[in-house]
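Below is one structure; the comments refer to it alone.
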Amino acid sequence: MAVLELQGLRKQFGELVAVDNVDMKVEEGEIRGLIGPNGSGKTTIFNCITGFLHPTGGKVIWQGEDITGEPPHVVAGKGIARTFQLTNLFRDMTALQNVVMACHLHTGVGLFGQFLMTRRTKKRDGEIEERAIELLETMGIGEVKDEVAGALPHGHQEALGVAMALATEPKLLLLDEPVTGMNPSETKDMMERIRRLRDSGVTILLVEHDMKAVMSTCERLTVMNFGRNICEGDPNGVCSHEEVIEAYLGMS
Amino acid sequence: MRNSRTIVLIVLVALAIVAVLVPYVSSYYYTDVITMLFINIILVSSFRLITLTGNWNLAQVPLMGAGAYSSALITGSLGWPFWLSLPLSAIAAAVIGLAMSYPLARTKGFAFFIASYAAGEAMVLCWTRFKVPFGGWTGLVNVPPPGDIGGISFADPTPYYFLTGIIMAACLWVMYRLARSRIGATFHAIHSQESLARSIGINITRYKMLVFVVSSFFAGVAGVLLVHRMWAVEPNQFGWVPTLYLLVWAVFGGTRTFVGPILGVTVLTVIGELLVPLAEWVPMIYGFILILTLLFFPEGLEGIPHRVQSWFGKTRTRTAAPGEVLSEGQLTEGQH
């Protein structure tokens, strides 16, 4: 069964149609790649799913429920997490503090508990920290937990971004160019971790330009061009599709 | 860490001793000046709370006025005791803050700036327009001092000085704890990366409203203390000029650390007192100080130690600098 379904999704900025009647189904437990040339509407789709943008038309269906137009924190609460294209971190906090902050969703913050620092609050804060360390280790950056996030190397920052998304305990993870700017061995590492996340039960929707990474990781690809979903299928099938070749090589 | 904690403790105790001695070694006049300083410290600290989320609230002084008017009405017209009026008026200011925050929390940056100014001005206009119950331009007079306790009359400057000092200490302690808690860290997170904060499930509107309400509460406390010192209240006290002063204190001291704004208002009060013979020139001198601060110490007084350190070659890297904010938003008790 499809966990996420886009029905005729449309987003218009003034005259510009960024996303044009896109239909798409993401099955539970798959790694789906969303590819296409720059400006083809991939990130706009992410923003529409996660509530950062209101779609002009169409629906976003999540586990059978219409979540179109819900604000981001509500969408996050329903189990959809995302990362951002230009890595987005609380730069002046440490790696650990970043993830602790992201654990926010499922731990809540009681005004009076925080203020009085009751034993229960302290105990819970300790548990949150343990969980945050675990997540950092899952992403292979446990050893830099006390370093300031803004000073970390790019690869670590990307990994930290994913760790924070995981802290919200998502069922679906939207990754926006997670390996951009990484060297081949870092890329391989990240892709391996993404596969393992999937194996642990998280469905993954991935926007990425690194075709090698996409081809080797995704089971299915959705190709976008000019805001439209031009084809869908397994990596090899997609590669031989006529419109895809046109989109990428610019033939007309 | 333990060491710096001891130093802070020593400084606090020293300040407390000085504060206790002040009324006995100086004149009524200076006791009164410092009482006023205490009130302004509560105000500027409550203002700083909102700056944690990145917004500068221009309605802070009118919200202080809400506390003042509320207490003037409760004690003056209803005749209820000050001790009941203090919490009630602070809550009244918080409720007005809640109403204001509903639209304001949905704006940010310049829009917030202007909208908060408009909201504050609207409130001041209400006080001037509605003679009943607010008394119009002339405001309300005959606000009684707090009732005696055990023979101590709070109509005298010295007991009132101690009352204000104790309430200030309590307010600062609460605001400090709040800023250092995970809630404070969340305010900071919203400020530093709003979209990221939203994506990890933080309801930013709710938090912005929360900080506004809490901040209004403490502004209200400052207002109550002000009105029972003056025994009267008028709309002019909460107009544009006092708001400008508040901004100058905050810019001059810096808003990144808890002590920054407190330092700002204290130093400027001292300067203001030294310049009493030149009273007419004070606004202009404040203006100069503001411009010089922005030019040479854009981080305010609180940034000076860091500056001096870098002059003497003890360079801290740029990434280490925001550590001050960091320790502010410490996420767990165990780390400091």
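The values are calculated or read from the model by the stated rules, or taken from the named source; none is laboratory data. Note that the structure is predicted; figures quoted are calculated from it, not measured. Note: ideal-geometry Cβ built from the backbone for every residue, glycine included; neighbour counts use all protein chains shown.
Results for (1) in a helix (DSSP H, G or I); (2) farther than 30 Å from A:Pro170 by Cβ; (3) in contact with a strand residue (DSSP E or B) (Cβ under 6 Å, 6 or more places away or on another chain), shown as yes or no for each residue.
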site: B:Val143; (1), (2), (3): no, yes, no
site: B:Pro146; (1), (2), (3): no, yes, no
site: B:Thr164; (1), (2), (3): yes, yes, no
site: B:Met168; (1), (2), (3): yes, yes, no
site: B:Arg177; (1), (2), (3): yes, yes, no
site: B:Ala185; (1), (2), (3): yes, no, no
site: B:His191; (1), (2), (3): yes, no, no
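Acidic (Asp, Glu), over 18 Å from the mean Cα position of the chain (by Cα) and surrounded by fewer than 23 Cβ atoms within 10 Å (Cβ to Cβ), is that true of A:Glu169? No; evaluated as a whole, the condition is false for this residue.
Would the stretch B:211-224 turn up any residue that is aliphatic (A, V, I, L, M), over 11 Å from the mean Cα position of the chain (by Cα), crowded, with 21+ Cβ neighbours inside 10 Å and not in a helix (DSSP H, G or I)? No - not one qualifying residue is present in the stretch B:211-224. Is it the case that some residue within the stretch A:50-70 is in a helix (DSSP H, G or I) and either within 27 Å of A:His156 (Cα to Cα) or in contact with a helix residue (DSSP H, G or I) (Cβ under 6 Å, 6 or more places away or on another chain) (or both)? No; the residues of the stretch A:50-70 include none that is in a helix (DSSP H, G or I) and either within 27 Å of A:His156 (Cα to Cα) or in contact with a helix residue (DSSP H, G or I) (Cβ under 6 Å, 6 or more places away or on another chain) (or both). Give the residue that is nearest to the other protein chains (Cβ to nearest Cβ), with candidates limited to residues of the stretch B:201-232 that are touching a Phe, Trp or Tyr at 6+ places or on another chain (Cβ under 7 Å) and farther than 22 Å from B:Leu98 by Cβ. Taking the candidates together, the pick is B:His228. Among residues of the stretch A:67-80 being aliphatic (A, V, I, L, M) and more than 7 Å from chain B (Cβ to nearest Cβ), the one that is surrounded by the most Cβ atoms within 10 Å (Cβ to Cβ) is A:Ile80.
Determine which member of the set B:Phe82, B:Phe47, B:Phe112 is within 18 Å of the chain's Cα centre (by Cα), assigned by TED's automatic domain parsing to the domain that holds B:Ala179 and at negative phi. Before the answer, list the steps.
Details: B:Phe82 fails: within 18 Å of the chain's Cα centre (by Cα); B:Phe112 fails: within 18 Å of the chain's Cα centre (by Cα).
Of B:Phe82, B:Phe47, B:Phe112, the one residue that is within 18 Å of the chain's Cα centre (by Cα), assigned by TED's automatic domain parsing to the domain that holds B:Ala179 and at negative phi is B:Phe47.
Matching residues to (1) buried (at least 23 other Cβ atoms within 10 Å of the Cβ); (2) at pLDDT 90 or above; (3) within 29 Å of A:Leu16 (Cα to Cα):
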{"position": "A:Leu152", "(1), (2), (3)": "no, yes, no"}
{"position": "A:Ala165", "(1), (2), (3)": "yes, yes, no"}
{"position": "A:Leu175", "(1), (2), (3)": "yes, yes, yes"}
{"position": "A:Ser185", "(1), (2), (3)": "no, no, no"}
{"position": "A:Arg193", "(1), (2), (3)": "no, yes, no"}
{"position": "A:Leu197", "(1), (2), (3)": "no, yes, no"}
{"position": "A:Leu206", "(1), (2), (3)": "yes, yes, yes"}
{"position": "A:Ser216", "(1), (2), (3)": "no, no, no"}
{"position": "A:Cys231", "(1), (2), (3)": "no, no, yes"}
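Report, by residue number, each residue of the stretch A:50-73 that is on the phi > 0 side of the Ramachandran plot and under 14 Å from the mean Cα position of the chain (by Cα). Scanning the stretch A:50-73 gives a single hit, A:Gly51.
With respect to the conditions (1) within 14 Å of another protein chain (Cβ to nearest Cβ); (2) buried (at least 21 other Cβ atoms within 10 Å of the Cβ), A:Gly33 lacks only one, and its number is (1).
Condition check ((1) over 19 Å from B:His188 (Cβ atoms); (2) in contact with an Asp or Glu (Cβ under 6 Å, 6 or more places away or on another chain); (3) hydroxyl-bearing (Ser, Thr, Tyr); (4) modelled with pLDDT under 80) across all residues:
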| site | (1), (2), (3), (4) |
| --- | --- |
| B:Gly239 | yes, no, no, no |
| B:Trp249 | yes, no, no, no |
| B:Phe252 | yes, no, no, no |
| B:Leu274 | yes, no, no, no |
| B:Gly300 | no, no, no, no |
| B:Thr315 | yes, no, yes, yes |
| B:Thr319 | no, no, yes, yes |
| B:Ser327 | no, no, yes, yes |
| B:Thr332 | no, yes, yes, yes |
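Filtered by the rule that a residue be over 11 Å from the mean Cα position of the chain (by Cα) and in a loop (DSSP other than H, G, I, E, B), the stretch A:74-90 gives A:Lys78, A:Gly79, A:Leu86, A:Thr87, A:Asn88, A:Leu89, A:Phe90.
Which pairs turn up if I take residues in the stretch A:75-91 that are hydroxyl-bearing (Ser, Thr, Tyr) and look for partners that are not in a loop (DSSP other than H, G, I, E, B) with beta carbon separation below 7 Å, at least 6 apart in sequence or on another chain? Close Cβ pairs (under 7 Å, with a partner that is not in a loop (DSSP other than H, G, I, E, B)) amount to A:Thr83/A:Gly161; A:Thr83/A:Val162; A:Thr83/A:Ala165; A:Thr83/A:Leu175; A:Thr83/A:Asp176; A:Thr87/A:Gln157; A:Thr87/A:Glu158; A:Thr87/A:Gly161.
In summary, B:Arg198 fulfils each of the numbered conditions (1) more than 14 Å from every other protein chain (Cβ to nearest Cβ); (2) farther than 21 Å from B:Pro242 by Cα; (3) modelled with pLDDT of 90 or more with the single exception of condition (1). Against the definition (assigned to a helix (DSSP H, G or I), within 14 Å of chain A (Cβ to nearest Cβ) and either in contact with a helix residue (DSSP H, G or I) (Cβ under 6 Å, 6 or more places away or on another chain) or acidic (Asp, Glu) (or both)), how does B:Phe252 come out, yes or no? Considered against the rule, which asks whether it is assigned to a helix (DSSP H, G or I), within 14 Å of chain A (Cβ to nearest Cβ) and either in contact with a helix residue (DSSP H, G or I) (Cβ under 6 Å, 6 or more places away or on another chain) or acidic (Asp, Glu) (or both), B:Phe252 comes out as no. Identification of helices (runs of 4 or more DSSP H) wholly contained in the stretch B:45-137 with 2 or more residues that are free of Cβ contacts under 8 Å to residues at least 60 places away in the same chain yields B:82-104, B:110-129, B:131-134.
Looking only at the stretch A:25-43, count how many residues are in a loop (DSSP other than H, G, I, E, B) and either closer than 18 Å to A:Gly8 by Cα or in contact with a Pro (Cβ under 6 Å, 6 or more places away or on another chain) (or both). Let's see the steps before the verdict.
If we filter the stretch A:25-43 for residues that are in a loop (DSSP other than H, G, I, E, B), which is where we start, we get A:28-30, A:36-41.
Now restrict to residues that are either closer than 18 Å to A:Gly8 by Cα or in contact with a Pro (Cβ under 6 Å, 6 or more places away or on another chain) (or both): A:40-41.
Count: 2.
Of the residues in the stretch A:20-32, at least one is over 23 Å from B:Asn203 (Cβ atoms), touching a residue at least 40 places away in the same chain (Cβ under 8 Å) and polar (S, T, N, Q). Residues in the stretch B:148-178 that are β-branched (Val, Ile, Thr), surrounded by 19 or more Cβ atoms within 10 Å (Cβ to Cβ) and either over 25 Å from B:Tyr29 (Cβ atoms) or without any contact (Cβ under 8 Å) to a residue 24 or more places away in the chain (or both): 0 in all. Within the option set B:Ala279, B:Ala189, B:Ala232, being aliphatic (A, V, I, L, M) and modelled with pLDDT of 90 or more holds for one residue only, B:Ala189. Restricted to the stretch A:191-252, the set of helices (runs of 4 or more DSSP H) holding at least 3 residues that are without any contact (Cβ under 8 Å) to a residue 60 or more places away in the chain and out of contact with any helix residue (DSSP H, G or I) (no Cβ under 9 Å at 6 or more places or on another chain) comprises A:242-249.
Evaluate the stretch A:172-184: report whether one residue or more is over 21 Å from B:Arg198 (Cβ atoms), more than 10 Å from chain B (Cβ to nearest Cβ), assigned to a helix (DSSP H, G or I) and free of Cβ contacts under 8 Å to residues at least 12 places away in the same chain. Let's see the steps before the verdict.
So in the stretch A:172-184, the residues over 21 Å from B:Arg198 (Cβ atoms) come out as A:179-184.
Subset that is more than 10 Å from chain B (Cβ to nearest Cβ): A:179-184.
Still in the list and also assigned to a helix (DSSP H, G or I): A:184.
This time we only want the ones that are free of Cβ contacts under 8 Å to residues at least 12 places away in the same chain, so: A:184.
Yes, the conditions are met somewhere in the stretch A:172-184.
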